[in-house]
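These notes concern the structure reproduced below.
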Amino acid sequence: MVERGYSAFSYADIAEAVQIRKPSIHHHFPTKAGLAAAVLRSHRERLIEATEQLDQQIANPWKRLQAYVQHWEGCIRRQTVPFCVAALMGAELPSLPEEVQIEVHLHFSALGKWMEQTLKAGVKAGVIKLQDSVATEAQTLMAIVHGSMLSARATGGCDVFQIVTTGALKRIAAAKH
C-alpha cells in the first residue's frame, strides 16, 4: 500500500511479499477494504504507542516533536517506511471505501491530538512559541511533515524532508529549547 496506494495494491502483491498464499489472506481479510482498514488501525495503534513512549522518555516537548520528525527522516533515508500509509491513503480519500476513510480520519485525529498536547506543553514549558492557535499549528506541522514526505518521494532523496521539517521546527522553537 505504501508503494502503490490503495487502488494499485492487490492480494497477490501481499502474498508474494509475505510468502503466504492468497486464500490465507482472503480467509482473514475477505475484502480489500477490510485489509486496508486493519493496516491503518495497526498503524494508528503503533503511532499512539510511539507517541506515548516519546512523552515518557523525552521531557522537553520541542525535542519530542523533533524526535517524531527524526523518526520519519530515518525511515525515509533507510527506505524502511518511506511514507506514512495514512497520509498516502489520505491523498486517495474520496475514492476509498467508507471503512478505510474512517481509519484515515482516526489516524489524523490521533496524531493531531498528540501534536496539540505536545505544543501546549511546550508553550507552558517555554520551549515552543506559537504564531497561531494550537490547533492550527498542529495541523500545519502535520501538513509540513506529510508534504515533505511527498517531496522526498518525488525527488528521490531525503534532503528536502530534512530541510523543510528542520525549518518548521525552528519556526516554533522558543529561545530555550
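The values are calculated or read from the model by the stated rules, or taken from the named source; none is laboratory data. Given the structure is predicted, the values throughout are model-derived calculations rather than measurements. Note that each Cβ is placed from the backbone with ideal geometry, even for glycine, and that neighbours are counted across all protein chains shown.
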Next item on the list: Hey, could you check the stretch 107-156 for residues that are assigned to a helix (DSSP H, G or I) and among the β-branched types (Val, Ile, Thr) and say which is farthest from the chain's Cα centre (by Cα)?
Entry: Val123
Next item on the list: Just name the residue that is modelled with the lowest pLDDT out of those in the stretch 26-53 that are surrounded by fewer than 18 Cβ atoms within 10 Å (Cβ to Cβ) and hydrophobic (A, V, I, L, M, F, W, C).
Entry: Phe29
Margin query: Condition check: more than 19 Å from Ser7 (Cβ to Cβ), in contact (Cβ under 8 Å) with a residue 24 or more places away in the chain and outside any loop (DSSP other than H, G, I, E, B). Does Gln66 satisfy that?
Written below: yes
Check: In the stretch 114-146, what residues are loosely packed, with under 15 Cβ neighbours inside 10 Å and in contact (Cβ under 8 Å) with a residue 12 or more places away in the chain?
Finding: Gly126, Gln131, Ala135
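Please verify whether Gln162 is farther than 30 Å from Gly34 by Cβ, touching a residue at least 12 places away in the same chain (Cβ under 8 Å) and over 12 Å from the mean Cα position of the chain (by Cα), treating the condition exactly as stated. Don't jump to the end; show me each part of the working.
Details: farther than 30 Å from Gly34 by Cβ: yes; touching a residue at least 12 places away in the same chain (Cβ under 8 Å): yes; over 12 Å from the mean Cα position of the chain (by Cα): yes.
It is true that Gln162 is farther than 30 Å from Gly34 by Cβ, touching a residue at least 12 places away in the same chain (Cβ under 8 Å) and over 12 Å from the mean Cα position of the chain (by Cα).
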Notebook entry, point to check: Checking Arg4 against (1) of a type outside the set (Ser, Thr, Tyr); (2) surrounded by 15 or more Cβ atoms within 10 Å (Cβ to Cβ); (3) over 12 Å from the mean Cα position of the chain (by Cα); (4) at pLDDT below 90, which single condition isn't satisfied?
Noted result: (2)
